[in-house]
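Taking it in order: structure first as structure tokens, then the write-up.
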Amino acid sequence: MNLEGVFMWEVVYITSNSEIANRIKEELEKVGILAKVKAISQEGQEGYFEIIVPETDVNEAHNIIIEKGF
């Protein structure tokens, strides 16, 4: 099932580090928040990455990101 059309997605974090983006995604998924990393403006290993979640989970995702110190 393609979840792309099921949810309205919102950006909760932007980073220039793909490892941090993936760590945030993992932390959100540990607590049951569906999360995706979307590359924006990428050249090789460098670029910017958005962490996106369903709009219904934005507040909880922000709280977790702050709690985990990102």
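Observations
- Heavy-atom accessible surface of the chain: percent carbon and sulfur, 1.4 Å: 46 percent
- Dividing the summed -39500 (n - 2.57) terms of all DSSP H runs of n ≥ 4 by the residue count of the chain sets its mean residue ellipticity at 222 nm at -10000 deg cm²/dmol.
- Here Lys68 is the anchor, and the lysines within straight C-alpha reach of less than 18 Å, apart from those fewer than 8 places off in the same chain, are Lys25, Lys30, Lys36.
- Zone of Glu29's modelled label, taken as backbone nitrogen in the stretch 47-70 under 13 Å from a point 7 Å along Cα→Cβ: 52
- Karplus (6.51, -1.76, 1.60) ³J(HN,Hα), θ = phi - 60°, over the stretch 8-18, in Hz, Gly and Pro reported as x: 8, 9, 10, 7, 10, 6, 10, 9, 9, 10, 5
- Whole-Hz ³J(HN,Hα) from phi, Karplus 6.51 cos²θ - 1.76 cosθ + 1.60, for the stretch 58-65, glycine and proline x: 4, 4, 5, 4, 4, 4, 5, 4
- Here the chain is assigned +1 on the Cβ of each Lys and Arg and -1 on the Cβ of each Asp and Glu. Its dipole about the Cα centre then comes out at about 100 debye.
- Less than 5 angstrom separates the built amide H of Glu10 from those of Val53, Glu55, all sequence-distant by 5 or more or on a different chain.
The values are calculated or read from the model by the stated rules, or taken from the named source; none is laboratory data. Please read these numbers as outputs of a predicted model, since none were measured by experiment. Neighbour counts are summed over all protein chains in view; Cβ atoms, including those assigned to glycine, are modelled from backbone coordinates with ideal geometry. These accessible areas exclude ligands, DNA and RNA; they are computed on the full protein's heavy atoms, side chains included. Shrake-Rupley method; radii C 1.70, N 1.55, O 1.52, S 1.80 Å.
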